[in-house]
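Read the structure below first, then the notes.
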Amino acid sequence: DYAIEAKGLVKTYPATKTTNEMQALKGIDLVIPRGSIFGLLGPNGAGKSTFINILAGLCKKTSGTVSIWGRDIDERPRDARAAIGVVPQEIAADPFFTPRESLEVQAGMYGVPAGERRTMELLNALGLGDKANAYVRQLSGGMKRRLMVAKAMTHNPPVLILDEPTAGVDVELRKQLWAYVVELNRKGVTIVLTTHYLEEAQELCDQIAIVNRGEVVACEPTATLLARM
Ligand code: ADP
Ligand code: ADP
(Lines give C-alpha, C1' and ligand atoms only; values in the text may rest on other atoms or scores of the structure.)
(Ligands and ions follow the chains in the order given, each with its own letter.)
Protein backbone atom coordinates (compact mmCIF):
# COMPACT_ATOMS: atom_id res chain seq x y z
CA ASP A 1 0.00 0.00 0.00
CA TYR A 2 0.94 3.60 -0.59
CA ALA A 3 0.64 6.61 1.69
CA ILE A 4 -1.48 8.26 -0.98
CA GLU A 5 -2.76 6.96 -4.29
CA ALA A 6 -4.71 9.01 -6.83
CA LYS A 7 -6.09 7.53 -10.04
CA GLY A 8 -7.64 9.57 -12.83
CA LEU A 9 -8.27 12.43 -10.43
CA VAL A 10 -10.25 15.25 -12.01
CA LYS A 11 -11.37 18.52 -10.45
CA THR A 12 -13.45 20.96 -12.45
CA TYR A 13 -14.48 24.23 -10.84
CA PRO A 14 -17.78 25.34 -12.38
CA ALA A 15 -18.08 28.57 -14.32
CA THR A 16 -19.25 31.67 -12.48
CA LYS A 17 -20.55 35.01 -13.76
CA THR A 18 -17.00 36.25 -14.05
CA THR A 19 -14.96 33.11 -14.73
CA ASN A 20 -15.01 30.21 -17.17
CA GLU A 21 -15.13 26.61 -16.06
CA MET A 22 -11.68 25.63 -14.82
CA GLN A 23 -10.27 22.12 -14.97
CA ALA A 24 -7.74 22.38 -12.15
CA LEU A 25 -6.81 18.65 -12.17
CA LYS A 26 -6.96 16.83 -15.48
CA GLY A 27 -6.95 13.16 -14.54
CA ILE A 28 -3.97 12.87 -12.24
CA ASP A 29 -2.33 9.52 -11.49
CA LEU A 30 0.01 9.78 -8.55
CA VAL A 31 1.38 7.43 -5.93
CA ILE A 32 3.20 8.68 -2.87
CA PRO A 33 5.23 5.91 -1.19
CA ARG A 34 5.06 5.37 2.54
CA GLY A 35 8.04 6.78 4.40
CA SER A 36 9.04 9.32 1.78
CA ILE A 37 9.44 13.07 1.82
CA PHE A 38 7.49 13.84 -1.31
CA GLY A 39 7.43 17.21 -3.05
CA LEU A 40 4.62 18.49 -5.28
CA LEU A 41 6.42 21.13 -7.28
CA GLY A 42 4.76 23.51 -9.69
CA PRO A 43 3.99 27.14 -10.49
CA ASN A 44 1.04 29.07 -9.09
CA GLY A 45 -2.20 27.79 -10.50
CA ALA A 46 -0.82 24.31 -11.25
CA GLY A 47 -3.39 22.59 -9.04
CA LYS A 48 -1.31 21.80 -5.95
CA SER A 49 -3.69 23.32 -3.42
CA THR A 50 -6.66 21.75 -5.13
CA PHE A 51 -5.02 18.34 -4.73
CA ILE A 52 -4.27 18.98 -1.04
CA ASN A 53 -7.78 20.29 -0.45
CA ILE A 54 -9.26 17.12 -1.91
CA LEU A 55 -7.07 15.00 0.39
CA ALA A 56 -8.07 17.12 3.36
CA GLY A 57 -11.77 16.80 2.52
CA LEU A 58 -12.08 20.55 1.93
CA CYS A 59 -12.93 20.22 -1.73
CA LYS A 60 -14.95 17.56 -3.60
CA LYS A 61 -13.30 15.83 -6.50
CA THR A 62 -15.17 15.68 -9.79
CA SER A 63 -14.09 12.13 -10.66
CA GLY A 64 -11.36 9.57 -10.12
CA THR A 65 -10.32 7.77 -6.96
CA VAL A 66 -8.11 8.70 -4.05
CA SER A 67 -6.97 6.58 -1.16
CA ILE A 68 -5.01 7.64 1.87
CA TRP A 69 -3.11 4.97 3.78
CA GLY A 70 -5.14 2.36 1.92
CA ARG A 71 -8.47 3.97 2.78
CA ASP A 72 -10.65 5.15 -0.08
CA ILE A 73 -11.84 8.71 0.58
CA ASP A 74 -15.34 7.94 -0.71
CA GLU A 75 -15.76 4.65 1.12
CA ARG A 76 -14.00 5.50 4.38
CA PRO A 77 -13.80 9.28 4.54
CA ARG A 78 -13.26 9.54 8.28
CA ASP A 79 -10.58 6.87 8.38
CA ALA A 80 -8.87 8.40 5.36
CA ARG A 81 -8.84 11.84 6.93
CA ALA A 82 -7.58 10.51 10.26
CA ALA A 83 -4.45 9.30 8.45
CA ILE A 84 -3.33 12.81 7.52
CA GLY A 85 -2.43 16.00 9.31
CA VAL A 86 -2.59 19.09 7.14
CA VAL A 87 -0.68 22.32 7.70
CA PRO A 88 -2.53 24.97 5.68
CA GLN A 89 -0.83 27.88 3.96
CA GLU A 90 -2.55 30.47 6.05
CA ILE A 91 -2.26 30.81 9.80
CA ALA A 92 -5.60 30.01 11.40
CA ALA A 93 -4.95 29.78 15.12
CA ASP A 94 -7.51 31.15 17.55
CA PRO A 95 -5.98 34.34 19.01
CA PHE A 96 -7.61 34.02 22.41
CA PHE A 97 -6.60 30.41 23.02
CA THR A 98 -3.28 29.41 24.44
CA PRO A 99 -1.19 26.99 22.37
CA ARG A 100 -1.94 24.33 24.96
CA GLU A 101 -5.70 24.89 24.63
CA SER A 102 -5.46 25.02 20.89
CA LEU A 103 -3.83 21.58 20.77
CA GLU A 104 -6.24 20.14 23.34
CA VAL A 105 -9.24 21.30 21.30
CA GLN A 106 -7.73 19.90 18.12
CA ALA A 107 -7.01 16.55 19.81
CA GLY A 108 -10.58 16.54 21.11
CA MET A 109 -11.95 17.05 17.61
CA TYR A 110 -10.06 13.98 16.48
CA GLY A 111 -11.27 11.97 19.44
CA VAL A 112 -7.83 11.48 20.97
CA PRO A 113 -8.43 10.36 24.59
CA ALA A 114 -7.01 12.72 27.23
CA GLY A 115 -4.50 10.11 28.38
CA GLU A 116 -3.05 9.74 24.88
CA ARG A 117 -2.57 13.40 24.07
CA ARG A 118 0.95 14.64 23.56
CA THR A 119 0.30 18.32 23.97
CA MET A 120 3.46 19.34 25.82
CA GLU A 121 5.63 16.91 23.87
CA LEU A 122 4.48 18.53 20.62
CA LEU A 123 4.87 22.07 21.91
CA ASN A 124 8.38 21.27 23.12
CA ALA A 125 9.32 19.62 19.83
CA LEU A 126 8.32 22.80 18.02
CA GLY A 127 10.09 25.13 20.45
CA LEU A 128 6.85 26.41 21.97
CA GLY A 129 7.14 24.78 25.39
CA ASP A 130 7.66 28.08 27.21
CA LYS A 131 4.71 29.64 25.34
CA ALA A 132 2.27 26.87 26.22
CA ASN A 133 0.13 29.21 28.34
CA ALA A 134 0.56 32.50 26.48
CA TYR A 135 -2.23 33.76 24.25
CA VAL A 136 -1.78 32.87 20.61
CA ARG A 137 -2.22 36.54 19.70
CA GLN A 138 0.98 37.28 21.64
CA LEU A 139 3.06 34.87 19.57
CA SER A 140 5.23 35.89 16.64
CA GLY A 141 4.26 34.87 13.12
CA GLY A 142 6.89 32.15 13.18
CA MET A 143 5.58 30.75 16.45
CA LYS A 144 2.05 30.70 15.07
CA ARG A 145 3.25 28.75 12.06
CA ARG A 146 4.99 26.24 14.31
CA LEU A 147 1.77 25.96 16.29
CA MET A 148 -0.06 25.10 13.04
CA VAL A 149 2.39 22.24 12.53
CA ALA A 150 1.86 21.02 16.10
CA LYS A 151 -1.92 21.15 15.56
CA ALA A 152 -1.63 19.01 12.45
CA MET A 153 0.20 16.33 14.46
CA THR A 154 -2.12 16.11 17.51
CA HIS A 155 -3.80 12.88 16.33
CA ASN A 156 -0.45 11.34 15.40
CA PRO A 157 -1.21 10.77 11.70
CA PRO A 158 1.15 8.63 9.60
CA VAL A 159 1.16 11.35 6.90
CA LEU A 160 1.88 15.06 7.34
CA ILE A 161 0.97 17.39 4.49
CA LEU A 162 2.33 20.92 4.30
CA ASP A 163 0.94 23.39 1.77
CA GLU A 164 3.68 25.86 0.82
CA PRO A 165 5.30 25.56 4.26
CA THR A 166 7.86 28.28 3.73
CA ALA A 167 5.89 30.88 1.79
CA GLY A 168 6.69 34.19 3.47
CA VAL A 169 8.84 32.52 6.09
CA ASP A 170 12.28 33.80 7.13
CA VAL A 171 15.45 31.73 6.89
CA GLU A 172 15.62 30.89 10.58
CA LEU A 173 12.05 29.59 10.74
CA ARG A 174 12.49 27.69 7.51
CA LYS A 175 15.47 25.87 9.04
CA GLN A 176 13.44 25.04 12.14
CA LEU A 177 10.51 23.74 10.12
CA TRP A 178 12.72 21.64 7.88
CA ALA A 179 14.60 20.17 10.84
CA TYR A 180 11.33 19.20 12.46
CA VAL A 181 9.98 17.68 9.27
CA VAL A 182 13.14 15.65 8.69
CA GLU A 183 13.07 14.40 12.27
CA LEU A 184 9.42 13.35 11.93
CA ASN A 185 10.27 11.53 8.72
CA ARG A 186 13.08 9.65 10.49
CA LYS A 187 10.48 8.49 12.97
CA GLY A 188 8.47 7.05 10.09
CA VAL A 189 6.04 9.84 9.19
CA THR A 190 5.45 10.28 5.44
CA ILE A 191 5.81 13.94 4.46
CA VAL A 192 4.08 15.59 1.51
CA LEU A 193 4.82 19.23 0.77
CA THR A 194 3.87 21.62 -1.99
CA THR A 195 6.23 24.28 -3.13
CA HIS A 196 7.04 26.41 -6.12
CA TYR A 197 10.72 26.52 -5.15
CA LEU A 198 12.89 23.90 -6.81
CA GLU A 199 15.61 24.45 -4.19
CA GLU A 200 13.22 23.60 -1.40
CA ALA A 201 12.05 20.41 -3.07
CA GLN A 202 15.59 19.51 -3.99
CA GLU A 203 16.98 19.94 -0.51
CA LEU A 204 14.22 18.20 1.36
CA CYS A 205 12.46 15.69 -0.85
CA ASP A 206 13.52 12.21 -1.91
CA GLN A 207 10.89 12.18 -4.64
CA ILE A 208 9.37 15.01 -6.66
CA ALA A 209 6.25 15.26 -8.80
CA ILE A 210 6.13 18.24 -11.13
CA VAL A 211 2.61 19.53 -11.64
CA ASN A 212 1.68 21.97 -14.37
CA ARG A 213 -1.76 23.09 -15.55
CA GLY A 214 -3.47 20.26 -13.72
CA GLU A 215 -1.21 17.50 -14.99
CA VAL A 216 1.69 15.56 -13.50
CA VAL A 217 4.47 16.11 -16.01
CA ALA A 218 7.18 14.20 -14.11
CA CYS A 219 7.39 12.05 -11.00
CA GLU A 220 10.80 10.74 -10.06
CA PRO A 221 13.39 10.36 -7.35
CA THR A 222 14.99 13.77 -6.80
CA ALA A 223 18.43 12.64 -7.94
CA THR A 224 17.07 11.26 -11.23
CA LEU A 225 15.10 14.42 -11.89
CA LEU A 226 18.05 16.70 -11.21
CA ALA A 227 20.33 14.63 -13.43
CA ARG A 228 18.03 15.41 -16.36
CA MET A 229 17.89 19.16 -15.75
P1 ADP B 1 -1.73 25.98 -6.94
O2 ADP B 1 -2.00 25.58 -5.55
O3 ADP B 1 -0.81 25.06 -7.66
O4 ADP B 1 -1.30 27.39 -7.07
P5 ADP B 1 -4.60 25.84 -7.21
O6 ADP B 1 -5.01 24.46 -6.93
O7 ADP B 1 -4.78 26.89 -6.15
O8 ADP B 1 -3.10 25.85 -7.77
O9 ADP B 1 -5.37 26.36 -8.51
C10 ADP B 1 -5.46 25.60 -9.71
C11 ADP B 1 -6.39 26.32 -10.66
O12 ADP B 1 -7.72 26.25 -10.17
C13 ADP B 1 -6.08 27.80 -10.81
O14 ADP B 1 -6.36 28.18 -12.13
C15 ADP B 1 -7.06 28.45 -9.83
O16 ADP B 1 -7.37 29.76 -10.21
C17 ADP B 1 -8.25 27.53 -9.92
N18 ADP B 1 -9.01 27.51 -8.67
C19 ADP B 1 -8.54 27.17 -7.46
N20 ADP B 1 -9.51 27.22 -6.53
C21 ADP B 1 -10.64 27.60 -7.19
C22 ADP B 1 -11.97 27.82 -6.80
N23 ADP B 1 -12.36 27.65 -5.52
N24 ADP B 1 -12.85 28.21 -7.74
C25 ADP B 1 -12.47 28.35 -9.03
N26 ADP B 1 -11.22 28.14 -9.47
C27 ADP B 1 -10.31 27.77 -8.57
P1 ADP C 1 -2.42 29.12 -4.11
O2 ADP C 1 -1.48 30.11 -3.50
O3 ADP C 1 -2.27 27.75 -3.59
O4 ADP C 1 -2.46 29.18 -5.59
P5 ADP C 1 -4.55 30.88 -4.08
O6 ADP C 1 -3.95 31.99 -3.31
O7 ADP C 1 -4.56 30.88 -5.56
O8 ADP C 1 -3.85 29.54 -3.61
O9 ADP C 1 -6.00 30.60 -3.60
C10 ADP C 1 -6.39 30.83 -2.26
C11 ADP C 1 -7.83 30.36 -2.11
O12 ADP C 1 -8.64 30.91 -3.14
C13 ADP C 1 -7.97 28.84 -2.22
O14 ADP C 1 -8.94 28.40 -1.31
C15 ADP C 1 -8.44 28.62 -3.63
O16 ADP C 1 -9.25 27.45 -3.72
C17 ADP C 1 -9.24 29.87 -3.91
N18 ADP C 1 -9.15 30.25 -5.32
C19 ADP C 1 -8.06 30.27 -6.09
N20 ADP C 1 -8.34 30.64 -7.35
C21 ADP C 1 -9.66 30.87 -7.37
C22 ADP C 1 -10.58 31.28 -8.37
N23 ADP C 1 -10.20 31.50 -9.64
N24 ADP C 1 -11.88 31.42 -8.05
C25 ADP C 1 -12.27 31.18 -6.81
N26 ADP C 1 -11.46 30.78 -5.80
C27 ADP C 1 -10.18 30.63 -6.08
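The values are calculated or read from the model by the stated rules, or taken from the named source; none is laboratory data. Nothing here was measured: the structure is a model prediction, and the numbers come from that model. Because the Cβ atoms are built from the backbone with ideal geometry, glycine has one as well, and the counts that use them run over all protein chains shown. For the accessible areas, the whole protein counts, side chains as well, though only heavy atoms, and no ligand, DNA or RNA atoms are used. Shrake-Rupley method; radii C 1.70, N 1.55, O 1.52, S 1.80 Å.
Just reorder 62, 154 by solvent-accessible area, largest first, 1.4 Å probe, all chains present. Don't skip to the answer; put the middle values down first.
Numbers: 62 75, 154 10 Å².
Correct descending sequence by accessible area is 62, 154.
Which residue, 201, 24, 114, tops the fluctuation ranking in a GNM of the chain built on C-alpha contacts under 10 Å?
Highest fluctuation among the options: 114.
Run through region 1-76 and list the GluC sites (Glu not before Pro) located in a DSSP loop whose Cβ has at most 13 other Cβ atoms within 10 Å. Spell out each step's value before the answer.
Details: sites: 5, 21, 75; in loops: 21, 75.
The qualifying sites are 21, 75.
Only helices at least 20 Å long along their axis, Cα-based, and averaging -0.5 or more on Kyte-Doolittle count here, so list those DSSP H runs from the chain. Kindly include the intermediate steps, with their values, before the conclusion.
On the way: long enough: 171-186 (22 Å, -0.21).
Membrane-span-like by this criterion, though nothing is claimed about a membrane: 171-186.
Determine the distance separating the Cα centre of region 27-79 from the Cα centre of region 160-229; give it in Å without decimals.
Between the Cα centre of region 27-79 and that of region 160-229, the gap is 16 Å.
For the residue pair residue 105 and residue 133, what label-to-label distance in nm results when each label sits 7 Å from Cα along the Cα-to-beta-carbon direction?
1.9 nm
Once the piece of chain linking residue 23 and residue 44 is laid out straight, how much longer is it, given 0.36 nm per residue of separation minus the C-alpha distance between them?
That pair, residue 23 and residue 44, stretches by 6.1 nm at full extension.
For region 9-22, what does the Karplus curve 6.51 cos²θ - 1.76 cosθ + 1.60, with θ = phi - 60°, yield as ³J(HN,Hα) per residue in whole Hz, taken in order and with x for Gly and Pro?
My calculation for region 9-22 gives 6, 10, 10, 10, 7, x, 5, 10, 4, 10, 10, 6, 4, 10 Hz in order.
What part of the accessible area of the chain, given as a whole %, is carbon or sulfur when the probe is 1.4 angstrom? Spell out each step's value before the answer.
Details: 5590 of 11450 Å².
Carbon with sulfur: 49 percent of the solvent-accessible area.
For 130, 72, 29, give the ranking by accessible area with the largest first, probe 1.4 Å. Don't skip to the end; give the middle numbers.
Numbers: 130 130, 72 35, 29 105 Å².
Greatest to least solvent exposure: 130, 29, 72.
Out of the GluC sites (Glu not before Pro) in region 126-208, which ones are loop residues according to DSSP with at most 14 other C-beta atoms within 10 Å? Kindly include the intermediate steps, with their values, before the conclusion.
Working: sites: 172, 183, 199, 200, 203; in loops: none.
Those that pass, being in a loop and sparsely packed, number zero.
Kindly report, to the nearest 10 Å², the accessible surface of residue 171 as traced by a 1.4 Å probe over protein heavy atoms only.
Only protein atoms counted, so the area is about 100 Å².
With a cap of 12 neighbouring Cβ atoms within 10 Å, and only residues DSSP puts in a loop, list the trypsin sites (Lys or Arg not before Pro) found in region 171-206.
Working: sites: 174, 175, 186, 187; in loops: 187.
Sites meeting the loop and neighbour criteria: 187.
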